[in-house]
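Chemist: This is the structure I want to talk about, given as structure tokens.
The values are calculated or read from the model by the stated rules, or taken from the named source; none is laboratory data. Since the structure is predicted, the reported quantities are computational estimates derived from the model, not experimental observations. Heads up, the Cβs are rebuilt from the backbone with ideal geometry, glycines too, and the neighbour counts pull from every protein chain shown.
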Amino acid sequence: MQIRLATRGSRLALAQSGLIADALRNLGAEVELVRVRTLGDVSTAPLSSLGGVGVFVAAVREAVLAGDCDLAVHSLKDLPTRPAEGLTIAAIPEREDARDALCARNNFTLDALPAGSWVGTGSPRRAAQLALTRPDLRVADIRGNVDTRLARVGKDLDAVVLAAAGLHRLGLAGAITQYLGTLDMMPAPAQGALAIECRSDDLPMIELLARLDDPGTRAAVELERAAMRAVEAGCAAPFGALARANLGDLSIHAVLATGAGARRSIVVGPIASADELALRVAAEVAPLRGLRVLIPPSGLADVLEAERTTVNTQAFTVTEPLAVRPFVQALTEAPDVIAFTSARTVRVLTEGGVDLATEIPLGTTIAAVGDATAAALREAGLRVGLKPTNGSGGAALAGVFADGPGTVLIPGAADPAPDLAEALAARGWNVVPVPVYRTMPVTSVDATIADAWPDYDVFVVTAPSVARAASELLDMPGPPVVALGATSAAAAAALGFDVVGTATEATAAGLVDALVALRKEQS
Ligand SMILES: NCc1[nH]cc(CCC(=O)O)c1CC(=O)O
């Protein structure tokens, strides 16, 4: 049989195509490599603007579909999980090493790299896992083929992370200074595996290629890819998975980096139930996947996105800073305590030109309602002396105060939630509220958000003013509400929302915990 094999011209593509050509020649076929230039090879525009890795794949696929060639060899990890019409993956040969490898200067391992070292990778999966194991390293976003990436080690980079399989196939195993374990660096789904594709109606070719198929590899990589699909993680998501077939069983380890940390899963079961295994993995690493959430814009939205929820953002309020002079004036009275009720307050004062670290009298105690506020205060150079030991919010903060007398300054919104002031007054404190910003409701809501309003699984209420604005602008009772803190929960409930959950900590972790608890309840 005379076979024409479509290949890209990159060194890795030629090496991989050559391997398969040789394997086919061993089976008695005559094989000719036909080079296809792809837009991805010709253009210097960023990959994402060309439609992602798919541009490399599209041109060789076209050559096969058009009948100019009979088959193409792909790195399976670069193939979209959606099947290509008219084509079939007729063989997945035995997998090369699936691991990622560190190629570092000075023979460094990941542990030994000095703090602050620059590590090159263009992969969000690799970057996220590096940040988890070695948060003290710096990651450089690099592109290009394996040779160009490797050439930068010892020049502007201290190390790069590359697939061991690619390095092996290029004869570059000598550049590897450490094979990375899956706890530090879970590989991409199907990493190290090749896919041989031909036309779905080319039965003689399908029959020939079947002899190169390794069923164990196929079962493992298909499970990894099914898990990726179930997580709704595209190739840009920080998701890694490695499965192994052993007798009739499949085991899979998977990781999804979620911003602050990562969720991991290990699942084992019979090959016949691979679909169910993929769903179990997805449920463990991405328990919130697919949840439709509406939330005001902030860093919280990014965290929910990393958790694979479907997030829409809509601003319901705008902050209007007020003059800072009343606050600065109040400082001259040397209050015993200043209680900060939001990171926003800290930001408004700092942006208003107040240098909190030098202008607040030394003897004044700084109090914060929760972690986010405390973090903002520390960033402004203050030492936080008082914070709730259990939970967060105004009432929780008042709980850790000693009884008065004394004076507490509370800078914040012009219409603050009354819980902190009331609780402190009841314990004998002289409470001095100082408005430093006003929260104004927006006047309209984006039309697509308004349309989708009844269909959201959760509306995250981050402040009483958010609930108030939403209740005025959109139809009530609206979607189920998860509130960020007890104060927001009470305000939302009073406005007629169905409050189905409350984050005990007004932080990303607290919100995620509340949503996960809700999902568990509902399933
Ligand atoms: N994304 C590029 C790519 N596609 C396949 C390989 C290596 C071979 C393989 O993983 O099968 C590489 C290079 C790399 O990630 O280091």
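Chemist: Just checking, does region 116-123 include any residue being outside any loop (DSSP other than H, G, I, E, B) and buried (at least 22 other Cβ atoms within 10 Å of the Cβ)?
Modeler: Checking region 116-123: at least one residue is outside any loop (DSSP other than H, G, I, E, B) and buried (at least 22 other Cβ atoms within 10 Å of the Cβ).
Chemist: Give the number of residues within region 168-203 that are in a helix (DSSP H, G or I) and away from the ligand (no atom under 15 Å from the Cβ).
Modeler: Kept after step one, since they are in a helix (DSSP H, G or I), are these residues of region 168-203: 168-169, 173-175, 203.
Still in the list and also away from the ligand (no atom under 15 Å from the Cβ): 174, 203.
The number of residues fulfilling the criteria is 2.
Chemist: Next question, about the same structure. Among the numbered criteria (1) loosely packed, with under 15 Cβ neighbours inside 10 Å; (2) at positive phi, which single criterion is violated by G391?
Modeler: Among (1) loosely packed, with under 15 Cβ neighbours inside 10 Å; (2) at positive phi, G391 violates only (1).
Chemist: Do you know which residues across region 185-234 are farther than 22 Å from L14 by Cα and of a type in the set (K, R)?
Modeler: Of everything in region 185-234, those that are farther than 22 Å from L14 by Cα and of a type in the set (K, R) turn out to be R218, R225, R229.
Chemist: Which of the numbered conditions does A260 fail, given that it passes all the others? Conditions: (1) modelled with pLDDT of 90 or more; (2) aliphatic (A, V, I, L, M); (3) in contact with a helix residue (DSSP H, G or I) (Cβ under 8 Å, 6 or more places away or on another chain).
Modeler: Of everything listed in (1) modelled with pLDDT of 90 or more; (2) aliphatic (A, V, I, L, M); (3) in contact with a helix residue (DSSP H, G or I) (Cβ under 8 Å, 6 or more places away or on another chain), A260 misses just condition (1).
Chemist: Something else now. Against the condition outside the structural domain of G174 (by TED's automatic domain parsing), within 15 Å of the ligand (Cβ to nearest atom), within 27 Å of E224 (Cβ to Cβ) and in contact (Cβ under 8 Å) with a residue 40 or more places away in the chain, how does A84 come out, does it pass?
Modeler: The answer is no for A84.
Chemist: Something else now. Can you find a residue that is among the polar types (S, T, N, Q) and more than 14 Å from the ligand (Cβ to nearest atom) anywhere in region 237-247?
Modeler: Checking region 237-247: at least one residue is among the polar types (S, T, N, Q) and more than 14 Å from the ligand (Cβ to nearest atom).
Chemist: Taking the stated definitions as given, is V146 touching a Leu at 6+ places or on another chain (Cβ under 9 Å), at pLDDT below 95 and crowded, with 19+ Cβ neighbours inside 10 Å?
Modeler: On the way: touching a Leu at 6+ places or on another chain (Cβ under 9 Å): yes; at pLDDT below 95: yes; crowded, with 19+ Cβ neighbours inside 10 Å: yes.
In short, yes.
Chemist: Next up: Is there any pair linking a residue in region 92-109 that is within 10 Å of the ligand (Cβ to nearest atom) to one that is charged (D, E, K, R), with Cβ under 8 Å and at least six apart or on different chains, and which?
Modeler: R95/D214; E96/R169; D100/R126
Chemist: When you check V73 against the structure, is it part of a strand (DSSP E or B), more than 13 Å from the ligand (Cβ to nearest atom) and either of a type in the set (D, E, K, R) or buried (at least 20 other Cβ atoms within 10 Å of the Cβ) (or both), yes or no?
Modeler: No, not satisfied.
Chemist: Take the residues in region 270-296 that are under 14 Å from V458 (Cβ atoms) and of a type outside the set (K, R), then tell me which one is surrounded by the fewest Cβ atoms within 10 Å (Cβ to Cβ).
Modeler: In this case the residue turns out to be G290.
To keep it simple, each residue is scored yes or no on (1) part of a strand (DSSP E or B); (2) more than 14 Å from the ligand (Cβ to nearest atom).
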| site | (1), (2) |
| --- | --- |
| A128 | no, yes |
| V139 | yes, yes |
| R143 | no, no |
| K155 | no, yes |
| L162 | yes, no |
| G166 | no, no |
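Chemist: Could you identify the single residue in T373, T309 that is at negative phi and assigned by TED's automatic domain parsing to the domain that holds T502? Even if it seems obvious, please write down each step before you answer.
Modeler: On the way: T373 fails: assigned by TED's automatic domain parsing to the domain that holds T502.
Exactly one of T373, T309 is at negative phi and assigned by TED's automatic domain parsing to the domain that holds T502, namely T309.
Chemist: On to the next question. On the basis of being assigned by TED's automatic domain parsing to the domain that holds P335 and more than 35 Å from the chain's Cα centre (by Cα), does A417 make the cut? Let's see the steps before the verdict.
Modeler: Values: assigned by TED's automatic domain parsing to the domain that holds P335: yes; more than 35 Å from the chain's Cα centre (by Cα): no.
No: the conditions fail for A417.
Chemist: List every residue pair whose Cβ atoms sit under 8 Å apart, with the two residues 6 or more apart in sequence or on different chains, where the first one lies in region 199-214 and is surrounded by 10 or more Cβ atoms within 10 Å (Cβ to Cβ) and the second, anywhere, is part of a loop (DSSP other than H, G, I, E, B) and β-branched (V, I, T).
Modeler: D213/I92; D214/I92
Chemist: Taking into account only those residues within region 9-40 that are under 33 Å from the mean Cα position of the chain (by Cα) and part of a helix (DSSP H, G or I), which is surrounded by the fewest Cβ atoms within 10 Å (Cβ to Cβ)? Reasoning before the result, please.
Modeler: Looking only at region 9-40, we keep the residues that are under 33 Å from the mean Cα position of the chain (by Cα), and these are 10-13, 16, 38-40.
Filter once more, so that each one left must be part of a helix (DSSP H, G or I): 11-13, 16, 39-40.
Values: R11: 16, L12: 18, A13: 24, Q16: 23, L39: 14, G40: 20.
Among those residues, the one meeting the criterion is L39.
Chemist: Also: With the condition kept exactly as written, say whether any residue in region 218-226 is of a type outside the set (D, E, K, R), under 29 Å from G248 (Cβ atoms), modelled with pLDDT of 95 or more and within 12 Å of the ligand (Cβ to nearest atom).
Modeler: Yes.
Chemist: Can you confirm whether D147 is assigned to a helix (DSSP H, G or I), within 16 Å of the ligand (Cβ to nearest atom) and under 30 Å from L24 (Cβ atoms)?
Modeler: Spelling it out, D147 is indeed assigned to a helix (DSSP H, G or I), within 16 Å of the ligand (Cβ to nearest atom) and under 30 Å from L24 (Cβ atoms).
Chemist: For region 301-315, name all the residues that are over 12 Å from the mean Cα position of the chain (by Cα) and in contact (Cβ under 8 Å) with a residue 24 or more places away in the chain. Before you say what the answer is, go through the steps one by one.
Modeler: Our first condition is that a residue be over 12 Å from the mean Cα position of the chain (by Cα); within region 301-315, this holds for 310-315.
Of everything in region 301-315, those that are over 12 Å from the mean Cα position of the chain (by Cα) and in contact (Cβ under 8 Å) with a residue 24 or more places away in the chain turn out to be N312, Q314, A315.
Chemist: So, in region 230-261, exactly how many residues are surrounded by fewer than 17 Cβ atoms within 10 Å (Cβ to Cβ) and of a type outside the set (A, V, I, L, M, F, W, C)?
Modeler: Here the count works out to 7.
Chemist: Answer yes if at least one residue in region 317-330 is basic (K, R) and modelled with pLDDT under 95, and no otherwise.
Modeler: No, region 317-330 has no match at all.
Chemist: Condition test on A254, is it within 15 Å of the ligand (Cβ to nearest atom) and either farther than 26 Å from E30 by Cα or at pLDDT 95 or above (or both)?
Modeler: No.
Chemist: Does G353 fit the bill of being at pLDDT 95 or above and closer than 24 Å to R438 by Cα?
Modeler: Answer is yes for this residue.
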